[in-house]
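Down below is the structure, laid out as structure tokens.
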DNA sequence: AGATCATTCAATGACTCGATTGAATGATTT
DNA sequence: AAATCATTCAATCGAGTCATTGAATGATCT
């Protein structure tokens with residue numbers, strides 16, 4: 001970031017941030033870190049990266065101001081530095097979805113085919129929750145659920161869903177959610193449960209968006225590695 | 001953008017967009033194109049790039065869905081593809097300003113020193129304009145002004161400002177604006193005029209933000225290369 | 001039809017980025 | 001104090017990016 005011309009330098013700084021977003025693995029890491037604090041190893045595993053590689057990406061994201069980290073015992077925990085980062089990735093998604101034919105096809109084709117119906121808005125879910133009219137289903141991993149989840153949500157990770165159908169009430173309407181607007185888990189849950197007779201829709205966005213909107217969340221400090229941010 | 005895993009592909013598409021934002025020259029080009037349609041040569045000149053280099057950047061931005069282009073006679077005119085792009089760059093600015101110490105210093109130091117006062121909000125300017133209480137000063141180039149400007153604005157490009165002081169009423173309050181939130185022209189105008197006894201503040205954001213907010217703008221089709229988008 | 005002109009293309013060289021490997025660090029635990 | 005473990009560092013290689021140069025398009029104008 002060479003200086004002299006202030007405007008150029010500001011743009012250079014902005015470009016650093018944008019460059020940090022410019023790699024698929026890093027975008028995935030950001031989505032994972034948005035669920036709550038995670039160790040390098042945990043993130044590497046979930047993103048299917050080697051630990052060294054994940055560490056490099058994480059450091060780059062931290063230098064760009066997108067992630068923050070702290071030490072906890074012998075691990076380093078990374079988290080989203082700020083909810084403005086969520087707004088940035090959301091804006092990135094909107095532009096890509098609107099202006100890139102390839103992305104639009106992927107989302108319009110794959111995603112919509114799994115869930116023709118509009119998602120439930122956060123506002124609507126809040127209202128319904130107050131009257132206790134819905135069952136909220138969190139299909140993320142147990143660690144992510146433990147790090148924070150929607151009030152009254154039950155947790156069944158997607159891969160266990162087909163084995164644990166009896167835990168889900170068939171009489172009430174179900175709202176499924178996962179990691180974010182472009183996380184496929186909730187789509188898959190809808191695709192899996194609807195043909196089996198469940199009344200299920202998915203939530204707009206995921207847990208990070210819910211939390212960033214200032215809506216109530218539940219933390220469960222269960223001695224694990226994940227702590228509410 | 002290799003396929004198979006839909007989620008990976010979506011992230012790959014997002015990364016393409018982010019990569020396109022990941023170069024200072026391209027961010028500058030985006031700011032310039034946000035003022036209205038411009039030819040390759042015009043953009044190259046304003047950004048101080050060779051035509052071939054600018055052309056390459058422009059094509060990359062178009063492939064990423066950030067710019068759109070059309071032919072007009074023997075030139076190709078580029079424009080912002082969508083106002084969602086403005087939201088994206090605004091979000092990028094907010095994150096960089098908040099989380100990158102270098103950028104925060106630049107903006108907090110250089111910019112604020114030139115204008116300690118808070119900018120005038122768009123809402124406030126709208127109200128004041130209705131009562132005809134302010135003079136609006138556009139310090140961008142004549143071409144940019146011609147391509148679109150705020151109602152009742154007068155145009156004095158920054159480099160001519162010190163020679164044309166008599167055109168500016170000293171009795172009324174002045175609101176200066178330029179290309180955007182991180183464009184230095186309006187800051188410089190404030191720094192130049194305030195010591196000379198003018199009551200001057202700058203507008204939050206610039207012309208593109210005003211227009212994207214749905215507020216009224218004036219086009220002047222004067223046969224030049226710039227046409228309202 | 002040929003000349004003109006804006007833009008794009010293609011090729012080059014310097015530089016940066018990404019993933020892998022194996023070693024180094026540095027805090028914790030025994 | 002030594003062992004352990006998560007993370008980071010350093011070196012490497014292949015691939016990709018950026019600016020420059022000069023040539024090639026391809027639409028307009030005479």
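Every number here is computed from the coordinates shown, using simple stated rules; none is lab data. Here the structure is a predicted model, which is why all the values come from computation and not from measurement. Every residue, glycine as well, gets a Cβ built from its backbone with ideal geometry; the counts of neighbours run over all protein chains shown.
Just want to confirm a number: the relative contact order over chain A, from Cα pairs under 8 angstrom separated by 6+ residues, in percent.
Here the relative contact order equals 20 percent.
Taking the beta-carbon count within 10 Å as an exposure proxy, list B:199, B:130 from fewest neighbours to most.
B:130, B:199
Considering only DSSP beta bridges where both residues belong to chain A, give the percentage that are antiparallel (nearest 5).
Antiparallel bridges make up about 45 percent of those DSSP assigns within chain A.
Can you give the calculated 222 nm mean residue ellipticity of chain B, where each DSSP H run of n ≥ 4 adds -39,500 (n - 2.57) and the sum is split over every residue, rounded to the nearest 500 deg cm²/dmol?
-12500 deg cm²/dmol
Hey, what angle do you get for helix B:83-99 against the long axis of chain B, alpha-carbon based, 0 to 90 degrees rounded to 10?
80
Where is the GNM fluctuation largest for chain A (alpha-carbon springs, 10 angstrom cutoff): A:24, A:216, A:157?
A:24
If you take each beta carbon of peptide B:182-188 and count the beta carbons of other chains within 10 angstrom, what is the mean?
2
Assuming a ≥ b ≥ c are the square roots of the Cα gyration tensor eigenvalues, decide whether segment A:4-84 counts as rounded (a/c under 1.5), prolate (otherwise, with a/b larger than b/c) or oblate.
It comes out prolate by the Cα gyration axes.
Given a Förster distance of 60 angstrom, what is the FRET efficiency for residue A:172 paired with residue B:104, based on the Cβ-Cβ distance and rounded to 0.05?
0.80
Hey, for a label at residue B:128 modelled as a point 7 Å past Cα toward Cβ, could you say which residues of segment B:187-215 have their backbone N under 17 Å away?
B:187-207, B:210
Report the residue, chosen from B:203, B:60, B:137, that carries the largest GNM mean-square fluctuation when chain B is represented by alpha-carbon nodes joined by springs under 10 Å.
B:60
Apply the a/c threshold of 1.5 to the C-alpha gyration tensor of segment B:61-156 and tell me whether it is rounded, prolate or oblate.
It is oblate, given that a/c is not under 1.5 and a/b is not larger than b/c.
Under the convention of a label 7 Å out along Cα→Cβ, give the distances in nm from residue B:215 to the same position in every other copy, shortest first.
3.3
What distance in nm lies between label points placed 7 Å from Cα along the C-beta direction at residue B:75 and residue A:162?
Taking the two extended label points, one gets 6.0 nm.
Roughly what angle does helix A:6-21 make with the longest principal axis of chain A, taking Cα atoms, 0 to 90 degrees, to the nearest 10?
40
Averaged across the residues of A:82-92, what count of C-beta atoms belonging to other chains lies within 10 Å of each residue's C-beta?
6
Neighbouring Cβ atoms within 10 Å as the yardstick, rank A:179, B:128 fewest first.
Numbers: A:179 24, B:128 15.
So the ranking, lowest neighbour count to highest, is B:128, A:179.
Which FRET efficiency value, to the nearest 0.05, do you get for residue B:213 and residue A:191 by plugging their Cβ-Cβ distance into 1/(1 + (r/R0)^6) with R0 = 51 Å?
Numbers: r = 39 Å, r/R0 = 0.77.
Calculated transfer efficiency: 0.80.
With the label 7 angstrom out along Cα to Cβ, how close does residue B:73 come to the same site in each of the other copies, in nm, nearest first?
7.2
Got the residue A:164 label distances to the other copies yet, label 7 Å along Cα→Cβ, in nm, shortest first?
6.9
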